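Student: Below is one structure. I have some questions about it.
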Amino acid sequence: MKKAASPSRAAPAPRGRPKVRPGALAPAASAAPAEDAETRIYQSVVSGVMSQRLRPGTKLPEAALCELFGVGRSTVQKALQRLAHDHVVELRPNRGAMVAMPTREEVGMLFEARRALEAAILPLVAQTASRADYASLRRQLRDEHRAMHSYPQTEWARLASSFHLRLGELSHNPILARYLAEIISRCSLVVAIFQPPGNATCEHDEHARVVDFLEQGRVAEAVAEMDLHLRQLESHIQLVETQPERSLADMLGLA
Ligand SMILES: [Zn+2]
Ligand SMILES: [Zn+2]
């Protein structure tokens, strides 16, 4: 954050067209035609990281990003700051940006915090949830499960996390729900980065068991099931470092 991010000259118009085909970008990035360059860079990096093209520790030099996206330095800096805010990249003073490289210890603390939050949320859900709430939770689980198996595994983390986010809402504590949403997105990132390809697990049955226990008023068992579920999720993470030699454009999905 030491790098003077020259503050706001409101939304700069994109300078020239980027040298990429729109089809090469992440699906979300091509949605709006007038989408700003900052968002395009943000989404290309996120989707590169989530799909394991961009590996932890990869350098993201400002000059190269300017070139690749056909934009000026301030746009690139703003995108990098958003990415740093969301823990996708690390900004190191005088050494530029790189894809975040969480340590084993950080991953452990992240999941520890998540288990504590989810354990606090479940009893609150049990206190207030109505039959209709449980019915809609089950419907959501069913729909997501169907959708999940028709998507590539790289998309699974996003689908699986919506169940947890819904529980956060049902706690009716917006503060807990907000912390949970933040921590879930960080966990999803870590899982996506470090899960060996082809090793994603379907979370459906474990989710369904949590709902069963909750609805039966067996809150302690629901909490224990959730705890086990989160420990299993964490256990799939393998902090192995492989550094395939690919061009930045390729890793960003622009090649
Ligand atoms: Zn399944
Ligand atoms: Zn889950």
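The values are calculated or read from the model by the stated rules, or taken from the named source; none is laboratory data. As the structure is a prediction and not an experimental result, all values here were calculated from the model. A quick note on method: Cβ atoms are made from the backbone with ideal geometry, for glycine too, and the neighbour counts reach across all protein chains shown.
Student: Among the residues of segment 136-159, how many are touching a residue at least 12 places away in the same chain (Cβ under 8 Å) and closer than 20 Å to E215 by Cβ? Can you show your working first?
Tutor: First, the residues of segment 136-159 that are touching a residue at least 12 places away in the same chain (Cβ under 8 Å): 137-138, 140-141, 144-145, 147-149, 153-154, 156-159.
If we keep only those that are closer than 20 Å to E215 by Cβ too, we end up with 137-138, 140-141, 144-145.
Of the residues in segment 136-159, 6 are touching a residue at least 12 places away in the same chain (Cβ under 8 Å) and closer than 20 Å to E215 by Cβ.
Student: Based on what the data block shows, is T103 polar (S, T, N, Q), farther than 20 Å from G253 by Cα and at pLDDT below 95? Talk me through it step by step, then tell me what you get.
Tutor: Numbers: polar (S, T, N, Q): yes; farther than 20 Å from G253 by Cα: yes; at pLDDT below 95: yes.
Here the answer is yes, as T103 does meet what is asked.
Student: Just give me the residues in segment 51-86 being small (G, A, S) and either in a helix (DSSP H, G or I) or surrounded by 20 or more Cβ atoms within 10 Å (Cβ to Cβ) (or both), in sequence order. Full working, then the answer.
Tutor: Initial filter on segment 51-86 (small (G, A, S)): 51, 57, 63-64, 70, 72, 74, 79, 84.
If the condition is that a residue be small (G, A, S) and either in a helix (DSSP H, G or I) or surrounded by 20 or more Cβ atoms within 10 Å (Cβ to Cβ) (or both), then A63, A64, S74, A79, A84 are the ones that fit.
Student: Among residues belonging to segment 193-224 that are of a type outside the set (A, V, I, L, M), within 14 Å of ligand 2 (Cβ to nearest atom) and under 18 Å from A126 (Cβ atoms), point out the one that is surrounded by the most Cβ atoms within 10 Å (Cβ to Cβ).
Tutor: We begin by selecting, within segment 193-224, every residue of a type outside the set (A, V, I, L, M); these are 194-199, 201-207, 209, 212-213, 215-218, 221.
Within this subset, residues satisfying the condition of being within 14 Å of ligand 2 (Cβ to nearest atom) are 195, 201-207, 209.
Applying the additional criterion that residues be under 18 Å from A126 (Cβ atoms) yields 206-207, 209.
Values: E206: 18, H207: 24, R209: 16.
Per the stated criteria, the residue is H207.
Student: Considering only residues that are among the charged types (D, E, K, R) and touching a residue at least 40 places away in the same chain (Cβ under 8 Å), look in segment 74-119 and name the one that is nearest to R231 (Cα to Cα).
Tutor: Here the answer is R115.
Student: Go through the residues of segment 117-124 one by one and say whether even a single one is modelled with pLDDT under 95 and away from ligand 2 (no atom under 16 Å from the Cβ). Full working, then the answer.
Tutor: Initial filter on segment 117-124 (modelled with pLDDT under 95): none.
Within segment 117-124 (the criterion being modelled with pLDDT under 95 and away from ligand 2 (no atom under 16 Å from the Cβ)), the answer is no, since none of the residues qualifies.
Student: Within segment 225-236, work out how many residues are surrounded by 15 or more Cβ atoms within 10 Å (Cβ to Cβ) and either more than 11 Å from ligand 2 (Cβ to nearest atom) or over 22 Å from Q127 (Cβ atoms) (or both). Steps first, please.
Tutor: Within segment 225-236, the subset surrounded by 15 or more Cβ atoms within 10 Å (Cβ to Cβ) is 225-227, 229-230, 233-234.
Those still in the list that are either more than 11 Å from ligand 2 (Cβ to nearest atom) or over 22 Å from Q127 (Cβ atoms) (or both) too: 227, 233-234.
Qualifying residue count for the region: 3.
Student: Output the number of residues of segment 107-132 satisfying the condition of being surrounded by fewer than 16 Cβ atoms within 10 Å (Cβ to Cβ) and either among the charged types (D, E, K, R) or touching a Lys or Arg at 6+ places or on another chain (Cβ under 6 Å) (or both).
Tutor: 2
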